[in-house]
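The values are calculated or read from the model by the stated rules, or taken from the named source; none is laboratory data. What you are looking at is a predicted structure, and each value in this text was computed from that prediction instead of being measured. Here the Cβ is made from the backbone with ideal geometry for all residues, glycine too, and neighbour counts use every protein chain on show. The protein model used for the area step is the full one, side chains on, heavy atoms only, and it has no ligands, DNA or RNA in it. Shrake-Rupley method; radii C 1.70, N 1.55, O 1.52, S 1.80 Å.
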Amino acid sequence: AAIRRAYDAGINYFDLAAGKAEVFSFFGEALKDVREHALYQIHFGADYTTGDYGWTTDENAIRRSVEWQLKSLSTDYIDYGFIHCLDEESDWNDYKHKGALKALLEMKEQGVVRHLGLSSHTPSMVQTVLKEVPLDMLMFSINPAYDFQMGKHGKGSADERNALYRRCAAEGIGISVMKPFAGGQLLDASLSPFGRALTNYQCMQYVLDRPGVLTVLPGAASMAQLEDILGFLDAADREKDYSVIGSFQPAADSGKCVYCNHCKPCPVGLEVGLINKYYDLAKNGDAMAAEHYKGLQLHAEDCIGCGHCNSRCPFGVDQVSRMQQIKEYFIKQEADR
């Protein structure tokens, strides 16, 4: 009933790295008449032989597991076939040499798997895999704590994590986000690494504002939890506003615009997020970004320096100074033509 309620409310993307085998038949029953409208993440490496979740890189075990999952889900195809849970170089070597990758790519060739994905908690590992496999989707752990290098799965520096998000956005690799609440720690002041609690809506909006992110996977263990999650769809902007994190994030991780548009509304109407985005892309050699910047109705030189955006930024960006830098950059680019 909860699965169907989620679908009827507009949720169409489902991750199936489940804790128990019985979950698959629930999805198969709940969504069998709307299967073509539901998107499934299936993990090549998640094994349910015992009835509980297990992890394997053995080719034959994976083939048996995926065949069983398809049958339980009452489907004959997989929307996103995922290289499952790679965090170490040794995991990737096992995945390639023990046949797991072979099984996944064969099913992709046969059309059983429609898109390729990877789940990981480690930015450097994702970058390694991207050198060898053309991914369509990444499942990654994102929340304010991990992005500021706090918590068990907060792997990689802030710069490494931001670079990964931006690469995904630039290359058209969608990100589906796991652990948006850091296992619930961010929702409890006594457990939060910041010493202050955020709401689930603040955490979800934070995640959705990161570059490259297409969907967040908060999870629900009951109908009541699902209804609470669904409330996000109708919540007021003030309930999703996470600018408070600007007051307790580590200073070393501040000062980087992520185009989240929390600084809106600009009193003169500047699209601050887009101006920053086109500037960053142009500096990295994207000629089209400069053209997109020129096409904006207002530009960095139209900034009046009121400081409203600075006061609203969760990441401590001095946008007033940045608008001056952007203005000077594009003036110079035009003069050099």
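In nm, to one decimal, how far is the modelled label at residue 223 from the one at residue 49, with both set 7 Å along Cα→Cβ?
Here the answer is 3.8 nm between the modelled labels.
Across 5 Å bins from 0, what is the distribution of all Cα-Cα pair distances for the stretch 149-194, in whole percents?
5, 19, 22, 23, 16, 10, 4, 1
Rounded to two decimal places and with Rh computed the Kirkwood way over Cα pairs, what is Rg over Rh for the stretch 171-280?
Result: Rg/Rh = 0.98.
Would you check the accessible area of residue 97, probe 1.4 Å, heavy atoms only, in square angstrom rounded to 10?
The accessible area comes out at roughly 150 Å².
Work out how much length residue 2 to residue 136 would gain on full extension: take 0.36 nm times their residue separation and subtract the Cα-Cα distance, in nm to one decimal.
Gain on extension, residue 2 to residue 136, equals 45.4 nm.
Can you grab the distance from the C-alpha centre of the stretch 13-54 to the C-alpha centre of the stretch 281-301, Å, no decimals?
After rounding, the separation between the Cα centres reads 43 Å.
Considering only protein heavy atoms, what is the solvent-accessible area of residue 49 at a probe of 1.4 Å, reported in Å² to the nearest 10?
Rounded to the nearest 10, the figure is 120 Å².
Hey, of (1) -0.67, -1.06; (2) -0.59, -0.99; (3) -0.53, -0.95, which did the structure itself give for log10 I(q)/I(0) by the Debye sum over Cα atoms at q = 0.10, 0.13 Å⁻¹ when calculated?
Label (1) holds the value from this structure.
Can you tell me which aspartates and glutamates have their Cα less than 17 Å from the Cα of residue 256? Leave out same-chain residues fewer than eight positions away.
Once the sequence-local aspartates and glutamates are set aside, what remains near residue 256 is 147, 159, 160, 209, 271, 280, 318.
Give me the distance in nm between label points sitting 7 Å out from Cα along the Cα-to-Cβ direction at residue 76 and residue 187, one decimal.
4.0
Quantify, in whole percent, the carbon and sulfur part of the accessible surface of the chain (1.4 Å probe; protein heavy atoms only).
50
Using DSSP to call loops (not H, G, I, E or B), can you name the GluC sites (Glu not before Pro) in the stretch 1-102 whose Cβ has at most 15 other Cβ atoms within 10 angstrom?
Sparse-neighbourhood loop GluC sites (Glu not before Pro): 88.
By how many nm would the segment from residue 9 to residue 29 lengthen if fully extended, with 0.36 nm per residue of separation less the alpha-carbon distance?
5.5 nm
FRET efficiency for residue 102 and residue 236, Cβ-Cβ distance as r, R0 = 35 Å, nearest 0.05?
Taking R0 as 35 Å, the efficiency between residue 102 and residue 236 is 0.10.
Give the span of the stretch 97-220's Cα atoms along each principal axis, as three whole-Å numbers ordered largest to smallest.
49, 31, 29
Tell me which residues come under 5 Å, amide H to amide H, from residue 118 once H is placed; ignore anything under 5 positions away on its chain.
Counting only residues 5 or more places away or on other chains, the set is 83, 137, 138, 139.
With the crude spin-label approximation of a point 7 Å out along Cα→Cβ, what separation in nm comes out for residue 248 versus residue 110?
Calculated label separation equals 5.1 nm.
Comparing 11, 142, 304, which has the greatest mean-square fluctuation in the GNM of the chain with Cα pairs linked when under 10 Å apart?
Of the options given, 304 has the highest mean-square fluctuation.
Hey, how many Å between the Cα centroid of the stretch 72-109 and the Cα centroid of the stretch 159-177?
Comparing the Cα centres of the stretch 72-109 and the stretch 159-177, I get a distance of 21 Å.
Can you list the cysteines of the chain that have no other Cys Cβ under 4.7 Å away?
85, 168, 203, 257, 260, 266, 303, 306, 313
FRET efficiency for residue 88 and residue 301, Cβ-Cβ distance as r, R0 = 41 Å, nearest 0.05?
Using R0 = 41 Å, I get an efficiency of 0.25.
Give me the number: length gained by fully extending residue 171 to residue 214, i.e. 0.36 nm times residue separation minus the C-alpha to C-alpha distance, one decimal in nm.
Between residue 171 and residue 214, full extension yields an extra 14.1 nm.
Please report Rg (one decimal) and Dmax (integer) in Å for the Cα set of the stretch 1-70.
For the stretch 1-70, the Cα-based Rg and Dmax read 12.6, 38 Å.
Per residue, how many Å² of accessible area does the stretch 216-287 show with a 1.4 Å probe? Show your work: numbers first, answer last.
Working: 3660 Å² over 72 residues.
Counting only protein heavy atoms, the per-residue value for the stretch 216-287 is 51 Å².
Please report, in whole Å, how far the alpha carbons of the stretch 252-337 spread along each principal axis, starting with the longest.
Here the spans come out as 36, 29, 17 Å, largest first.
Got a number for the accessible area of residue 274? Probe 1.4 Å, square angstrom, nearest 10.
60
Given R₀ = 56 Å, FRET efficiency for residue 333-residue 64 by Cβ-Cβ distance, to 0.05?
Working from the Cβ atoms, E equals 0.45.
Once you have the alpha carbon radius of gyration of the stretch 105-170, what is it after dividing by 2.2 N^0.38 Å, with N set to its residue count?
For the stretch 105-170, the normalised Cα radius of gyration comes out at 1.24.
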